[in-house]
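A.B. asks: Sharing a structure with you now.
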Amino acid sequence: MNRFIVQIGSGVDQHGHNDDCTNAAIKAIKNAISNNCLTGLLEICGLKEPKDLQKMVVHVKIGVPYPDNINEENLLKAIPFGTKSIEIEKGGLVAKGIMIKELDDSSDKIIVCNAAVTVSIR
């Protein structure tokens with residue numbers, strides 16, 4: 001298997017949500033993949049049809065402040081194609097913000113997550 005690209009992204013949840021890192025982690029993944037057009041997959045690797053994109057192997061390594069408070073299944077849904085895997089480790093950042101009950105905030109915590117998304121081809 002050969003690595004094709006490593007993409008880096010960050011995501012923020014300004015509403016705490018009971019220390020659930022899922023929203024910020026999804027934003028980090030989407031940030032990592034949103035500014036890339038992987039033309040080489042088509043032009044170099046020969047993945048010509050949409051079904052061929054399933055040949056990609058996509059691994060996400062993500063740093064989150066509360067690794068036990070994350071929905072891995074929802075994170076994997078943020079990756080549009082390929083065989084998907086995820087590795088979660090303690091990292092990211094928690095900053096003090098404000099709590100606004102009308103926005104369903106559960107705390108004044110701002111949760112920041114970082115993602116490294118690696119795309120490989122078999």
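The values are calculated or read from the model by the stated rules, or taken from the named source; none is laboratory data. Keep in mind it's a predicted model, so treat the numbers as computed, not measured. All Cβ positions, even for glycine, are placed from backbone atoms using ideal geometry, and neighbour counts span all protein chains on display.
A.B. asks: Among the residues in region 46-64, are any closer than 20 Å to Val112 by Cα, part of a helix (DSSP H, G or I), modelled with pLDDT of 95 or more and of a type outside the set (A, V, I, L, M)?
C.D. replies: So far as region 46-64 goes, no, none of its residues is closer than 20 Å to Val112 by Cα, part of a helix (DSSP H, G or I), modelled with pLDDT of 95 or more and of a type outside the set (A, V, I, L, M).
A.B. asks: For the condition surrounded by 13 or more Cβ atoms within 10 Å (Cβ to Cβ) and not hydroxyl-bearing (Ser, Thr, Tyr), what is the one hit in Ile100, Ile79?
C.D. replies: Values: Ile100 fails: surrounded by 13 or more Cβ atoms within 10 Å (Cβ to Cβ).
Only one candidate passes the filter, namely Ile79.
A.B. asks: Look at Leu42 and say whether it is in contact with a Gly (Cβ under 9 Å, 6 or more places away or on another chain), assigned to a helix (DSSP H, G or I) and surrounded by fewer than 18 Cβ atoms within 10 Å (Cβ to Cβ). Break it down stepwise before answering.
C.D. replies: Values: in contact with a Gly (Cβ under 9 Å, 6 or more places away or on another chain): no; assigned to a helix (DSSP H, G or I): yes; surrounded by fewer than 18 Cβ atoms within 10 Å (Cβ to Cβ): yes.
Answer is no for this residue.
Matching residues to (1) out of contact with any helix residue (DSSP H, G or I) (no Cβ under 6 Å at 6 or more places or on another chain); (2) within 24 Å of Arg122 (Cβ to Cβ); (3) crowded, with 16+ Cβ neighbours inside 10 Å; (4) not aromatic (Phe, Trp, Tyr):
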position: Lys27; (1), (2), (3), (4): yes, no, yes, yes
position: Asn35; (1), (2), (3), (4): yes, no, no, yes
position: Gln54; (1), (2), (3), (4): yes, yes, no, yes
position: Ile62; (1), (2), (3), (4): no, yes, yes, yes
position: Lys96; (1), (2), (3), (4): yes, no, no, yes
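A.B. asks: Also, quick follow-up: For region 78-122, enumerate the residues that are of a type in the set (Lys, Arg) and in contact (Cβ under 8 Å) with a residue 12 or more places away in the chain. Spell out how you get there, then give the answer.
C.D. replies: Filtering region 78-122 down to residues of a type in the set (Lys, Arg) leaves 84, 90, 96, 101, 109, 122.
Matches in region 78-122: Lys84, Lys90, Lys96, Lys109, Arg122.
A.B. asks: Take region 75-107 and flag every residue that is touching a strand residue (DSSP E or B) at 6+ places or on another chain (Cβ under 6 Å) and either over 30 Å from Met1 (Cβ atoms) or part of a loop (DSSP other than H, G, I, E, B) (or both).
C.D. replies: To start, the set of residues in region 75-107 that are touching a strand residue (DSSP E or B) at 6+ places or on another chain (Cβ under 6 Å) comprises 75-76, 79, 81-89, 91-95, 97.
Across region 75-107, the qualifying residues are Ile79, Phe81, Gly82, Gly91, Gly92, Leu93, Val94, Ala95, Gly97.
A.B. asks: Evaluate the following for Ser120: is it under 18 Å from Asn35 (Cα atoms) and at pLDDT 90 or above?
C.D. replies: Details: under 18 Å from Asn35 (Cα atoms): yes; at pLDDT 90 or above: yes.
Answer is yes for this residue.
A.B. asks: Exactly one condition in (1) hydroxyl-bearing (Ser, Thr, Tyr); (2) over 16 Å from the mean Cα position of the chain (by Cα); (3) over 17 Å from Asn2 (Cα atoms) is false for Thr39; which is it?
C.D. replies: (3)
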